[in-house]
1. Provide the percentage of antiparallel DSSP beta bridges, counting only those with both residues in the chain; round to the nearest 5.
2. Can you find, among Gly34, Ile45, Ile140, the residue sitting farthest towards the positive end of the charge dipole of the chain, where Lys and Arg contribute +1 and Asp and Glu -1 at Cβ?
3. Would you work out the charge dipole size for the range 3-144 about its Cα centre, treating the Cβ of every Lys and Arg as +1 and the Cβ of every Asp and Glu as -1, and quote it to the nearest 20 debye?
4. Work out the charge dipole of the chain with +1 on the Cβ of Lys and Arg and -1 on the Cβ of Asp and Glu about the Cα centre, then indicate which of Val113, His92, Thr54 is farthest towards its positive end.
5. Please identify, among Val85, Val22, Val13, the residue showing maximal mean-square fluctuation in a Gaussian network model of the chain using a 10 angstrom Cα cutoff.
6. Say the dipole of the chain comes from +1 at the beta carbon of Lys and Arg and -1 at that of Asp and Glu; which of Gly101, Gly11, Tyr78 then lies farthest toward its positive end?
7. Express in % the proportion of alpha carbon pairs of the chain at distances exceeding 22 Å.
8. Output the Cα-based Rg and Dmax of the range 60-144 in Å, rounding Rg to one decimal and Dmax to a whole number.
Amino acid sequence: MRTRREVSAGGVVYHRTEDDAVEIALASRRTRRGDLAWGLPKGLIEEGEAKESTAVREAREETGLETELEEPLGETSYYYVWEGVRVAKVVHFFLLRQTGGDVNDHDFEMEEVRWFPLADVERRATYRSERDIVRKAVAILQGG
């Protein structure tokens, strides 16, 4: 089977509520099987684009939120098969603080975008590799 490489970037978008609680935004989309999957905003790095810029752009497109990049959270890598081609994918993730926008302004790719409290966000994330990234972000946001 032929293999191709993809490199993407995305982020963990957070904000503080009026009572100073921290929440993280997750976006949902349907899998090819029709299941609802909650995940982090991410997308392909365009030619000539820095991974940091991609993370901010994808957060805006997929969640409707304006963000400011704070720090790297690491990367994940995995394989999947798409139309008979094996894809080796690497995704670089960053911690992103919301500076504006609205979750109702997400793009057509996402079914819904919702804020989750820190205590719930890890179990709501569908993909194990993204749960690991969320766990890192939660530790940073909790000061440890």
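Rule-based calculations on the coordinates, nothing more; no lab input. Everything quoted here is computed from the prediction, not taken from an experiment. A quick note on method: Cβ atoms are made from the backbone with ideal geometry, for glycine too, and the neighbour counts reach across all protein chains shown.
1. That works out to approximately 75 percent antiparallel.
2. Gly34
3. 880 debye
4. Value: His92.
5. Comparing Val85, Val22, Val13 in the GNM, the peak value goes to Val85.
6. Farthest along the dipole direction, towards plus: Tyr78.
7. 35 percent
8. My reading of the Cα-based Rg and Dmax gives 14.4, 44 Å.
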